[in-house]
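J.: Have a look at the structure that comes next, please.
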Amino acid sequence: MAVSTYYELLEIPRGRGMLANDVADRIGPGLRVACGVSSDDSPALVRRKVGERLTELCGRLPTDLRVSVLAALALHPEADHQFMQDRMGWAARQINRDHPRAAVRRMKVGFGIIAEQLDDLVDDPSINQGWHIGSLRGLLRMDVDPPQLVEERTIVATADGLEEVELRLSAPGSGDESPITAAVLYGGQITGSERVAPSHRKFALRLPTSLRAGEQHEYGVRFTAHPRAVMPPYYVLTPLQPCAKFSVRVRFGAAPPRIWRVNGIPPRAIDDYAPDDELVSADRFGEVALEFSRLHQGLSYGVRWAAP
């Protein structure tokens, strides 16, 4: 990794942690990138951005690690003590341990887990290019041939001067090359296309105006690829960065197949994924709509259906 946010996290807990007057000066470069902090942000805004991102990531930790990390950072509402030692003593009592050292050990384990996710953000190309996804809405039309996918995304700039973003789509199928095409519906203009792999293509999308850090922008794009007969039987999102919300609607039309909800599984398991307890039913028009929130990075979410 170019930057290790683990050691940057260790700089925060001393004193009042995230409540300290000088906390903005103790936020390292990796944390700034991962949390979307810009050079023009006020100390209060730095505190808010970093605090919100760390609180979100803490929510995914086991209880003992979550309590210890939140207390160390002074992000727990009941642990706002002036000194870290007192906060860790409080955390130790919450996890039924006798000494603050037990909570400190769990804090370090929790920091290690969070740092892995933060480091992915630092190294992720889209973050380095100055943006990340806020939410995504996908509509897949399986009742037309070839199928059409419309994605509407809200992106958030993490650096000033953002004028272009990168779109990527994978569409495995038969043949030597996937015929992926993209057309902008609103919010920008495609200025370039590049084949990354036989089934993967990326597009350059120029934005209507230059964005400043923290500003949001929405755009919609329609993708087409394989004919329906050779399209893989799933549509999933595998985020490599935090994504707060993903909603997906698939329209199958008449005689919809058996359909499963893909709710956070390793990408390699998608082809064999068919648990009966995740079956969903289409409505009278052959449509199914699902929503996901607080997606975990590196796992896949969406819809899978029985192959013809």
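J.: Over the Cα atoms of the chain, what Rg and Dmax result, in angstrom?
T.: 22.0, 65
J.: Going by the alpha-carbon gyration tensor, a ≥ b ≥ c the square roots of its eigenvalues, is segment 76-170 rounded (a/c under 1.5) or, if a/c is not under 1.5, prolate (a/b greater than b/c) versus oblate?
T.: prolate
J.: Taking θ = phi - 60°, what integer Hz values does the Karplus form 6.51 cos²θ - 1.76 cosθ + 1.60 yield along segment 284-290, in sequence order, with x for Gly and Pro?
T.: 5, 9, x, 10, 9, 10, 9
J.: I've got another one for you. With a 1.4 Å probe and all protein chains left in place, how much accessible area per residue does the chain have, in Å²?
T.: Roughly 49 Å² per residue, with all protein chains present.
J.: Oh, and also: From the square roots a ≥ b ≥ c of the eigenvalues of the alpha-carbon gyration tensor of segment 146-267, which class results: rounded (a/c under 1.5), prolate (a/b over b/c), or oblate?
T.: In terms of gyration-tensor shape, prolate.
J.: Sticking with this structure for a sec: I'd like the carbon and sulfur percentage of the solvent accessible area for the chain, probe radius 1.4 Å, heavy atoms only, ligands and nucleic acids excluded.
T.: 49
J.: Could you point to the residue in PRO266, GLY214, PRO232 farthest towards the positive end of segment 165-308's charge dipole, with +1 and -1 charges on the Cβ of Lys/Arg and Asp/Glu respectively?
T.: Sorting the options by dipole projection puts first GLY214.
J.: Would you list the P(r) distribution for segment 21-180, with all Cα-Cα distances sorted into 5 Å bins from 0 and each bin expressed as a whole %?
T.: 1, 8, 14, 15, 14, 12, 10, 9, 6, 5, 3, 2, 1
J.: If you put +1 on each Lys and Arg Cβ and -1 on each Asp and Glu Cβ, how big is the dipole of the chain around its Cα centre, in Debye rounded to 20?
T.: Magnitude of the dipole: close to 520 debye.
J.: Using a Cα-Cα cut-off of under 17 Å, which lysines could be cross-linked to LYS202, ignoring same-chain neighbours fewer than 8 residues away?
T.: none
J.: Choose one answer from SER42, SER193, SER135: the residue with the largest mean-square fluctuation in a GNM of the chain with alpha-carbon springs under 10 Å.
T.: SER42
The values are calculated or read from the model by the stated rules, or taken from the named source; none is laboratory data. Everything numeric in this text was worked out from a predicted model, so none of it was measured. Glycine also receives a Cβ, built like all others from the backbone with ideal geometry; neighbour counts cover every protein chain displayed. Side chains are part of the model used for accessible areas, which takes the heavy atoms of the whole protein and leaves out ligands, DNA and RNA. Shrake-Rupley method; radii C 1.70, N 1.55, O 1.52, S 1.80 Å.
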